[in-house]
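Please read the structure below before turning to the comments.
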Amino acid sequence: MSQSGKFAGQCAVVTGGTRGIGRAIAKALLAEGASVWATYQGNDAAAEALMAECAAHDGRLKTAKFPVGDYAACERFWNELESAAAGGVQILVNNAGIRRDQIVGMMTEREWSEVLQTNLAGSFHMSKFAVLSMMRRRYGRIVMVTSPAGAHGFQGQANYSASKAGQIGLMRSLAREVGKRKITVNCVSPGFIETELIADLPEEVRKEHLSMVPVGRFGSADEVAWAVLMLCSREASYVHGTTLEVTGGI
């Protein structure tokens with residue numbers, strides 16, 4: 001398959017890029033010509049399946065296994081990437097995220113800290129090194145995959161909601177810092193999307209969530225990927241410091 005499309009010649013990093021929304025984003029970027037590094041923390045089978053599925057893309061997909069919540073691991077990844085990608089990295093999608101649901105009164109310190117470390121600290125770690133790379137070339141696109149939970153809060157998800165609210169604050173501050181370097185920073189906020197992240201919800205909870213969606217259905221990962229690619233395009237150069245909701249009207 002020849003390298004052509006809107007993102008031909010660009011290099012993208014998608015965290016949590018081998019499953020769910022991240023997988024859809026990685027595949028969409030590949031289809032538009034980008035070279036993609038999909039990072040993941042532990043599911044080797046999902047990474048191998050994605051590599052097999054995308055074998056036709058001329059070797060433009062690579063995977064990297066490390067926890068984004070580990071600062072040193074992120075630094076090693078970016079140092080290696082700088083050597084491997086001669087033209088640098090143009091796109092970072094901070095998609096990696098986990099849930100450890102529990103009401104606050106019963107939530108353990110570990111359940112709190114694990115979610116904040118992956119979802120929020122991981123976004124900081126990856127964004128820091130991306131910015132250092134992008135600033136040297138005076139171009140870049142950074143997208144954080146946040147959640148309506150960050151704005152509204154959901155019962156039993158204080159840790160997740162706090163991490164997603166933190167991503168929005170991180171995005172707003174970073175946008176002010178790098179805008180003059182032709183680097184845009186935005187968030188995409190997916191609502192209830194049919195992925196593994198909500199697959200384990202009890203049926204009564206799923207019905208309750210569905211009743212909140214004006215369009216009457218859950219979204220697809222491909223619909224979120226479309227929004228991310230729009231924000232990553234060169235044409236979106238004046239879309240900066242904002243959150244695009246993909247929620248079906250929640």
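The values are calculated or read from the model by the stated rules, or taken from the named source; none is laboratory data. Keep in mind the model is a prediction, meaning the values are calculated, not measured. Every residue, glycine as well, gets a Cβ built from its backbone with ideal geometry; the counts of neighbours run over all protein chains shown. These accessible areas exclude ligands, DNA and RNA; they are computed on the full protein's heavy atoms, side chains included. Shrake-Rupley method; radii C 1.70, N 1.55, O 1.52, S 1.80 Å.
Details
- Rolling a 1.4 Å probe over the heavy atoms of the protein chains gives region 1-40 an accessible area of 32 Å² per residue.
- Extension gain (nm, one decimal) between residue 210 and residue 181, 0.36 nm per residue minus Cα-Cα: 6.3 nm
- Only protein heavy atoms count here; under a 1.4 Å probe, residue 50 has an accessible surface of about 0 Å².
- Rounded to 10°, Cα long-axis angle of helix 122-137 versus longest principal axis of the chain: 20
- Computed E for residue 240/residue 75 - FRET, C-beta separation, R0 25 angstrom, nearest 0.05: 0.40
- Legend: calculated FRET efficiency, residue 151 to residue 128, from the Cβ-Cβ distance at R0 = 30 Å, rounded to 0.05, equals 0.75.
- Length available on full extension from residue 62 to residue 44: 0.36 nm per residue minus the Cα-Cα distance, which gives 5.2 nm.
- Each residue of region 1-42 gets 58 Å³ once the volume of the Cα convex hull is shared out per residue.
- Candidate lysines for bridging to residue 6, where Cα separation is under 26 Å - those fewer than 8 sequence places away on the same chain excluded: 27, 62, 128, 180, 182
- Here each label is just a point 7 Å from Cα along the line to Cβ, and for residue 8 and residue 173 those points are 4.1 nm apart.
- Rounded to 10°, Cα long-axis angle of helix 71-84 versus longest principal axis of the chain: 30
- Accessible surface area normalised per residue over region 115-178 is 37 Å², counting heavy atoms of protein chains with a 1.4 Å rolling probe.
- Accessible-area composition of the chain, carbon plus sulfur, in percent [1.4 Å probe]: 53
- Cα→Cβ-extended label distance, 7 Å offset, between residue 135 and residue 86, nm: 2.6
- Cα-based shape type of region 138-216, given that a ≥ b ≥ c are square roots of the gyration tensor eigenvalues and the cut on a/c is 1.5: prolate
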